[in-house]
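*Asks:* Below is one structure. I have some questions about it.
The values are calculated or read from the model by the stated rules, or taken from the named source; none is laboratory data. All of these numbers come straight from a predicted model, not from anything done at the bench. Neighbour counts run over all protein chains shown; Cβ positions are idealised from the backbone, glycine included.
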Amino acid sequence: MTTIAPATSSNLRQPTATDAELATRFQPLFDRIAEGNTDRERTRTFPHQQVQWLKDAGLGTLRIPAELGGLGASLEQTFTLLAQLATADANVGHIWRNHLAFVEDRLNAAPSPGNDRWIRRFLDGDFVGGGWTEANNGTFANLRTTVRQDGDRWLVNGAKFYATGSLYADWLDVLGKGDGDTVLTALVRREHPGVRLDDDWTGFGQRTTASGSATYTDVPAERGDVFPAAERFVYQGHFYQTAMLSVLTGITRAVLRDGIGALKARGRNYPQGLDPVPASDAQLLQVLGQVSADAFAAQAALRAAARPLDLIAEAHAAGDHDTRKQRVLEAEVAVAQAQLTIIDAALRATTTVFDALGASGVSDTLLLDRHWRNARTLASHNPRVYKARILGDWLVNGKDPVPDLAAIGRGGQGD
């Protein structure tokens with residue numbers, strides 16, 4: 001059994017992993033996952049085997065400190081790796097979002113017997129999926145899902161949508177109403193007979209992420225598996241958003257890779273072309289050069305968004321709440337700026353790449369449209385349309401850009 005280190009204020013530690021170590025462990029596996037990406041997309045084959053490979057390799061323990069048995073990666077390293085995984089398969093990358101976020105939450109929490117048990121579960125390969133979004137257009141202000149105490153345990157009842165990663169999970173993370181106005185999150189076992197998971201995700205992108213419906217009927221949650229939602233880690237929203245941006249960054253890199261391959265394979269050019277060989281046509285090369293700049297911008301913005309999160313974790317581990325509050329604000333600005341940059345880069349790259357390829361580029365054999373569909377789907381999850389206004393209001397008028405989580409349900413909960 002893994003030995004848990006002596007108690008401190010949290011299980012966060014200074015990162016110890018090197019980029020080279022992480023690349024050696026994971027890049028060959030990412031390359032294997034990339035091999036079947038197009039076929040899985042075409043047939044809507046769920047990547048159960050690929051997710052299991054990653055579990056076995058310890059991807060779920062990236063952020064757990066080495067002294068506790070994990071890999072000791074920083075948040076910047078974690079999101080960079082997630083982008084590399086998404087380059088191989090955007091669906092597989094997105095599947096890990098909920099799990100990695102819950103691991104981060106438990107690392108931020110004070111050590112306790114229950115929390116130590118969660119660390120051991122992660123090290124044993126247990127995987128967390130699920131979602132918080134209420135089914136049937138419910139909001140956080142009007143939660144219908146309940147988490148009610150029943151003797152020494154809790155019972156969960158309700159329905160959720162956007163249950164990303166649920167079909168691959170051992171545990172599902174569920175948000176529900178406790179007694180009075182208390183909002184709780186409960187971790188329940190996916191295999192309990194009261195859990196029903198439906199593969200009814202109808203989006204045109206991210207089609208194998210298991211993001212459909214989840215219904216809970218008297219599903220038990222034990223002591224140590226129920227937490228006040230208000231106590232979840234303070235940069236949770238930034239983490240979820242940056243994970244999404246990691247996948248978008250991976251898509252941008254993937255379309256560059258596939259665009260280069262398709263241009264090299266193109267056998268003829270239009271009469272208006274500058275060279276009969278498409279791969280020697282300066283204008284077509286320019287298109288791919290611009291796509292490479294989009295991929296570069298996305299990668300740079302992702303790193304710039306991830307670094308402030310490491311600084312928040314550092315301040316939290318040190319118990320410096322004033323510094324942590326300032327860093328949360330800085331992260332809010334950085335993540336919003338990165339969202340605008342990365343979404344623009346991804347949508348532009350996944351569209352303009354076709355300008356270098358001609359009619360052959362839309363062949364179902366290449367399936368290049370999957371990159372745009374996946375990028376457009378991910379870009380629709382959070383309100384990009386509001387971000388520039390919020391940033392401008394902060395820069396010009398000093399209005400705090402950090403959202404009021406207590407009022408999050410007033411207009412709906414987003415996606």
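*Asks:* Just the residues that are part of a helix (DSSP H, G or I) and either of a type in the set (D, E, K, R) or not assigned by TED's automatic domain parsing to the domain that holds Leu347 (or both), please, taken from the range 266-324.
*Replies:* Those that are part of a helix (DSSP H, G or I) and either of a type in the set (D, E, K, R) or not assigned by TED's automatic domain parsing to the domain that holds Leu347 (or both): Asp294, Arg303, Arg307, Asp310, Glu314, Asp322, Arg324.
*Asks:* Of all residues in the range 368-389 being of a type in the set (Ser, Thr, Tyr) and within 17 Å of the chain's Cα centre (by Cα), which is modelled with the lowest pLDDT?
*Replies:* Among those that are of a type in the set (Ser, Thr, Tyr) and within 17 Å of the chain's Cα centre (by Cα), it is Ser380.
*Asks:* What pairs come out if I take residues in the range 148-159 that are over 15 Å from Tyr216 (Cα atoms) and pair them with residues that are surrounded by 13 or more Cβ atoms within 10 Å (Cβ to Cβ) whose C-beta lies under 7 Å away, six or more apart or interchain?
*Replies:* Sorted first by the residue in the range 148-159, then by its partner, the pairs are Arg153/Pro220; Arg153/Ala221; Arg153/Glu222.
*Asks:* Please specify each residue of the range 169-190 satisfying the condition of being of a type in the set (D, E, K, R), surrounded by fewer than 23 Cβ atoms within 10 Å (Cβ to Cβ) and in contact (Cβ under 8 Å) with a residue 12 or more places away in the chain.
*Replies:* The initial filter retains those residues of the range 169-190 that are of a type in the set (D, E, K, R), namely 170, 173, 177, 179, 181, 189-190.
So of that shortlist, the ones also surrounded by fewer than 23 Cβ atoms within 10 Å (Cβ to Cβ) come out as 170, 177, 179, 181, 189-190.
Correct list: Asp170, Lys177, Asp179, Arg189, Arg190.
*Asks:* Here's a follow-up. Of all residues being touching a residue at least 40 places away in the same chain (Cβ under 8 Å) and buried (at least 22 other Cβ atoms within 10 Å of the Cβ) in the range 309-335, which is nearest to Glu104 (Cα to Cα)? Just the residue, please.
*Replies:* Ala313
*Asks:* Which of (1) closer than 26 Å to Ala295 by Cα; (2) surrounded by fewer than 24 Cβ atoms within 10 Å (Cβ to Cβ); (3) modelled with pLDDT under 95 does Arg257 not meet, given it meets every other one?
*Replies:* The single condition Arg257 does not satisfy is (3).
*Asks:* So, one more: For Val287, state whether it is of a type in the set (Val, Ile, Thr), without any contact (Cβ under 8 Å) to a residue 40 or more places away in the chain and over 27 Å from Phe102 (Cβ atoms).
*Replies:* It is false that Val287 is of a type in the set (Val, Ile, Thr), without any contact (Cβ under 8 Å) to a residue 40 or more places away in the chain and over 27 Å from Phe102 (Cβ atoms).
*Asks:* Can you tell me which residue is surrounded by the most Cβ atoms within 10 Å (Cβ to Cβ) among those in the range 199-214 that are under 12 Å from Arg44 (Cα atoms) and touching a Leu at 6+ places or on another chain (Cβ under 8 Å)?
*Replies:* Applying the filter and picking the extreme gives Ala210.
*Asks:* For the range 163-209: of the residues being assigned to a loop (DSSP other than H, G, I, E, B) and β-branched (Val, Ile, Thr), which is farthest from Val92 (Cα to Cα)?
*Replies:* Across the range 163-209, the extreme among qualifying residues is Thr182.
*Asks:* Suppose we keep only residues that are part of a helix (DSSP H, G or I) and of a type in the set (Ser, Thr, Tyr) within the range 325-376. Which one would you say is nearest to Ala306 (Cα to Cα)?
*Replies:* Looking at the filtered set, the residue picked out is Thr341.
*Asks:* Condition first: closer than 30 Å to Gln50 by Cα and charged (D, E, K, R). Can you find one or more residues in the range 177-184 that meet it? Steps first, answer last, please.
*Replies:* Taking the range 177-184 as the starting set, the residues that turn out to be closer than 30 Å to Gln50 by Cα are none.
No, the range 177-184 contains no residue that is closer than 30 Å to Gln50 by Cα and charged (D, E, K, R).
*Asks:* Related question: Which of the residues belonging to the range 41-85 are charged (D, E, K, R) and at pLDDT 95 or above?
*Replies:* Within the range 41-85, Lys55, Asp56, Arg63, Glu67, Glu76 meet the criteria.
This table checks each residue for (1) touching a Leu at 6+ places or on another chain (Cβ under 7 Å); (2) surrounded by fewer than 16 Cβ atoms within 10 Å (Cβ to Cβ); (3) without any contact (Cβ under 8 Å) to a residue 60 or more places away in the chain.
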position: Ala356; (1), (2), (3): yes, no, no
position: Asp364; (1), (2), (3): no, yes, no
position: Leu367; (1), (2), (3): no, no, no
position: His371; (1), (2), (3): no, no, no
position: Ala375; (1), (2), (3): yes, no, no
position: Pro383; (1), (2), (3): no, yes, yes
position: Arg389; (1), (2), (3): no, yes, yes
position: Leu395; (1), (2), (3): no, yes, yes
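*Asks:* So for the range 100-117 (the condition being closer than 30 Å to Asp369 by Cβ, modelled with pLDDT of 95 or more and either of a type outside the set (A, V, I, L, M) or part of a helix (DSSP H, G or I) (or both)), does at least one residue qualify? Lay out the reasoning, then the answer.
*Replies:* Step one: list which residues in the range 100-117 are closer than 30 Å to Asp369 by Cβ, which gives 100-101.
Still in the running and modelled with pLDDT of 95 or more: 100-101.
Narrowing the set further to residues that are either of a type outside the set (A, V, I, L, M) or part of a helix (DSSP H, G or I) (or both) leaves 100-101.
Within the range 100-117 (the criterion being closer than 30 Å to Asp369 by Cβ, modelled with pLDDT of 95 or more and either of a type outside the set (A, V, I, L, M) or part of a helix (DSSP H, G or I) (or both)), the answer is yes, since at least one residue qualifies.
*Asks:* Right, here's the next one. Restricting the range 397-410 to residues that are at pLDDT 90 or above and not hydrophobic (A, V, I, L, M, F, W, C), which is surrounded by the most Cβ atoms within 10 Å (Cβ to Cβ)?
*Replies:* Ranking the candidates gives Pro401 first.
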